[in-house]
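See below for the structure under consideration.
The values are calculated or read from the model by the stated rules, or taken from the named source; none is laboratory data. None of these values were measured; they are calculated from a predicted model. Cβ sites come from the backbone with ideal geometry, for glycine too, and all protein chains shown count toward neighbours. Please note that ligands, DNA and RNA were not included when accessible areas were found on the heavy atoms of the full protein model with its side chains. Shrake-Rupley method; radii C 1.70, N 1.55, O 1.52, S 1.80 Å.
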Amino acid sequence: MDHGTPILLSIGVILLVLFLISYIGGKIKVPGVILYIILGIGIGSFISDNEILHIASEVGIVLLFFLLGLEFPLAKLKGMAVKVWKPGLLDLVLNLGISTFICLFFGLDLLPSLIIGGVLYATSSSISAKLLESTKRLANAESEYILAILIFEDIVAPIIVAVLIGMASDGGITGLDFAILLGKILILTAGAMLIGRFGFSRLEKFFERLIGSDMFILLTVGIALTYGGLALLLGLSEVLGAFLAGIMLAETKRSHDIENVTLPVRDLLLPIFFLHFGTTINLGEGIPYVGLLFTLIGWALVGKIIVGMLGGRWYGLSKRVALRAGFSLTPRGEFSVVIAGIATGATKVFSGVFILVSAMLGILFFIFAPKLTDLIYGKKQKKKRNLKVPS
């Protein structure tokens with residue numbers, strides 16, 4: 001940014017441009033996350049290395065994961081694990097494991113391969129949830145399975161981010177370092193569980209008295225940022241800490257009220273996160289690993305379709321519904337951006353291009369999932385009702 005321009009003017013212009021981009025995206029049915037990244041790539045040379053944008057983007061992504069954690073009180077986590085663990089592990093093996101192996105086969109080192117595998121792993125929760133609603137498929141049989149997979153990924157993705165950050169911190173990691181890293185994750189997680197179970201679960205009335213007051217948002221956002229900062233202090237990912245903070249506060253049984261006060265702040269700052277990510281992608285030297293890019297774009301679609309077809313059958317869906325779920329799991333988005341943020345150089349450029357292409361293709365597959373399923377299995381015949389003709 002030009003140092004002669006007042007910072008308030010710069011921030012105001014950026015917010016207005018983001019609004020315009022979001023408005024246009026709504027009209028042309030393209031999720032804002034994609035357009036924000038493209039905008040960031042386009043104006044990166046003008047606003048790169050801006051500390052205010054960086055801090056705002058950090059707070060935005062922390063609040064995103066904090067609100068996700070609010071959806072998972074401990075009892076719900078336990079109940080979901082029983083039903084979705086098998087399809088969830090299949091998803092992890094196919095979309096993280098095999099993707100990493102493909103990168104290694106193409107000659108990449110272990111850490112870049114794992115980062116790209118992480119980028120391929122998670123379906124976009126925000127894109128998928130919005131598309132389920134906009135295509136009026138929330139009542140369909142596959143929606144419960146799609147949401148269950150998204151929740152499994154929501155739980156696993158912060159752990160993946162924490163592990164990758166630990167591995168990337170000094171360019172390598174020994175077996176002892178990895179054990180210490182997992183120990184830190186377990187301590188942070190166990191701490192959140194204990195605080196939630198024996199602390200916040202007893203503060204429901206206290207939170208009830210604060211609802212509606214100006215200070216309520218100070219408490220909720222303060223807890224999210226503090227636990228996220230504690231994770232950073234331990235050398236872990238702030239998104240893991242924020243997610244665990246959400247789980248803690250979910251025990252107050254006031255998740256809805258906490259979400260109501262926190263959501264506007266997240267919605268203000270999260271677009272800046274995607275914009276800031278776009279500014280870190282430099283396409284001046286072209287797209288790296290083109291052969292790998294085409295290979296992984298294809299596998300990104302196939303891997304998720306298999307998770308839908310096979311995992312959906314394990315979940316209890318029919319073949320038709322399971323295939324429809326598979327087509328609908330293909331969009332990548334915010335989690336991929338978070339993991340791509342760990343990368344540097346060519347790996348970051350590659351990840352950014354992959355996210356844009358796979359998000360667009362995933363949206364198309366989601367929208368046309370019913371028609372593609374009908375194309376494979378044939379149109380489902382509607383049952384005719386026998387109407388008695390009055391004599």
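From ILE160, ILE146, ILE102, grab the single residue that is under 30 Å from GLY312 (Cβ atoms), surrounded by fewer than 20 Cβ atoms within 10 Å (Cβ to Cβ) and not polar (S, T, N, Q).
Details: ILE160 fails: surrounded by fewer than 20 Cβ atoms within 10 Å (Cβ to Cβ); ILE146 fails: surrounded by fewer than 20 Cβ atoms within 10 Å (Cβ to Cβ).
After ruling out the rest, the residue left standing is ILE102.
If GLU238 meets every condition in (1) farther than 22 Å from GLY341 by Cα; (2) surrounded by 24 or more Cβ atoms within 10 Å (Cβ to Cβ) apart from one, which number is that one?
In the conditions (1) farther than 22 Å from GLY341 by Cα; (2) surrounded by 24 or more Cβ atoms within 10 Å (Cβ to Cβ), GLU238 misses (1) alone.
Can you tell which of LEU132, LEU53, LEU92, LEU63 is closer than 20 Å to PHE243 by Cβ and open to solvent by less than 40 Å² (accessible area, probe 1.4 Å)?
LEU63
Mind listing whichever residues of segment 169-187 are in contact with a helix residue (DSSP H, G or I) (Cβ under 6 Å, 6 or more places away or on another chain) and at pLDDT 80 or above?
ILE185
Residue by residue through segment 248-262, note down the ones that are open to solvent by 50 Å² or more (accessible area, probe 1.4 Å) and outside any loop (DSSP other than H, G, I, E, B).
Passing the criteria: HIS256, GLU259, ASN260.
Anything in segment 191-212 that is open to solvent by 40 Å² or more (accessible area, probe 1.4 Å) and either among the aromatic types (Phe, Trp, Tyr) or not in a loop (DSSP other than H, G, I, E, B) (or both)? List them, or say none.
Listed by number, the residues that qualify are MET193, LEU194, ILE195, ARG197, PHE198, ARG202, GLU204, LYS205, PHE206, GLU208, ARG209.
Can you tell me which residue within segment 231-240, out of those that are part of a helix (DSSP H, G or I) and free of Cβ contacts under 8 Å to residues at least 60 places away in the same chain, is farthest from PHE65 (Cα to Cα)?
Restricting attention to segment 231-240, the residues satisfying the condition of being part of a helix (DSSP H, G or I) are 231-233, 238-240.
The next check asks that each one be free of Cβ contacts under 8 Å to residues at least 60 places away in the same chain; those that pass are 232-233.
On the way: LEU232: 15, LEU233: 18 Å.
Selected residue: LEU233.
Please determine, by comparing only the residues of segment 288-308 that are open to solvent by 10 Å² or more (accessible area, probe 1.4 Å) and among the β-branched types (Val, Ile, Thr), which one is modelled with the lowest pLDDT.
Residue satisfying both the conditions and the ranking: VAL290.
Within segment 286-297, can one find any residue that is without any contact (Cβ under 8 Å) to a residue 24 or more places away in the chain and either among the charged types (D, E, K, R) or part of a helix (DSSP H, G or I) (or both)?
yes
Which of the residues belonging to segment 268-285 are under 19 Å from THR347 (Cβ atoms), not hydrophobic (A, V, I, L, M, F, W, C) and not in a loop (DSSP other than H, G, I, E, B)?
Result: HIS276, GLY278, THR279.
Please determine whether any residue of segment 311-334 is open to solvent by less than 10 Å² (accessible area, probe 1.4 Å), in contact (Cβ under 8 Å) with a residue 24 or more places away in the chain, assigned to a helix (DSSP H, G or I) and closer than 17 Å to THR280 by Cβ.
Taking every residue of segment 311-334 in turn, at least one turns out to be open to solvent by less than 10 Å² (accessible area, probe 1.4 Å), in contact (Cβ under 8 Å) with a residue 24 or more places away in the chain, assigned to a helix (DSSP H, G or I) and closer than 17 Å to THR280 by Cβ.
Show the residue pairs meeting these rules: Cβ distance below 7 Å; 6+ apart or different chains; first residue within segment 69-92 and modelled with pLDDT under 85; second residue not in a helix (DSSP H, G or I).
Note: pairs meeting the criteria are PRO73/GLU251; LEU74/GLU251.
Cβ-Cβ below 8 Å, separation at least six or inter-chain, first residue in segment 18-38 and in contact (Cβ under 8 Å) with a residue 24 or more places away in the chain and assigned to a helix (DSSP H, G or I), second open to solvent by 50 Å² or more (accessible area, probe 1.4 Å) and of a type in the set (A, V, I, L, M): which pairs?
Matching pairs, first to second residue: ILE34/MET360.
Just for segment 263-286: of the residues that are at pLDDT below 85 and open to solvent by 40 Å² or more (accessible area, probe 1.4 Å), which one is nearest to VAL357 (Cα to Cα)?
Checking each candidate, the answer is LEU283.
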